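Here, each number is a calculation from the coordinates, and none is a lab measurement. Everything quoted here is computed from the prediction, not taken from an experiment. Quick reminder, even Gly has a Cβ in these numbers, built from the backbone with ideal geometry, and neighbours come from all protein chains shown.
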Amino acid sequence: MLEWLGELSEEDRARVIREAFSKVAATTEGTLVFAVMFEQLYFFRPATTDEHRVLNNYAKFLLRYFGDDADMKMLEAMMGMRTRKMEGVENGD
């Protein structure tokens, strides 16, 4: 299904992947999915064990796919997650 991706140069493949992440994150549903994923990867909460730190490091690795303003997007998502949590909406744990 994604064989065409393997035919691209490394630079083009990285660009296509970043663009796909950006398009998904631009939707309400995509933002919600990524926010839940990053919450579960201990990006928005303290990583107190080795396992949590590994997950947190992976979240930071994934963040590079979102582009230069990814930190701002994650901050906005975090604020939305905190607001929903205070309103009683579960975060998927």
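Sort 65, 42 by Cβ crowding within 10 Å, fewest neighbours at the top.
On the way: 65 15, 42 20.
Ascending Cβ contact count within 10 Å gives the list 65, 42.
Once phi is turned into θ = phi - 60°, what whole-Hz ³J(HN,Hα) does the Karplus curve with 6.51, -1.76 and 1.60 give for every residue of the range 45-52, x standing for Gly and Pro?
Going residue by residue, I get 9, x, 9, 9, 10, 4, 4, 5 Hz, with x marking Gly and Pro.
Contour minus end-to-end for residue 13 and residue 32, with contour as 0.36 nm per residue of separation and end-to-end as the Cα-Cα distance?
Once the chain is fully extended between residue 13 and residue 32, it gains 4.3 nm.
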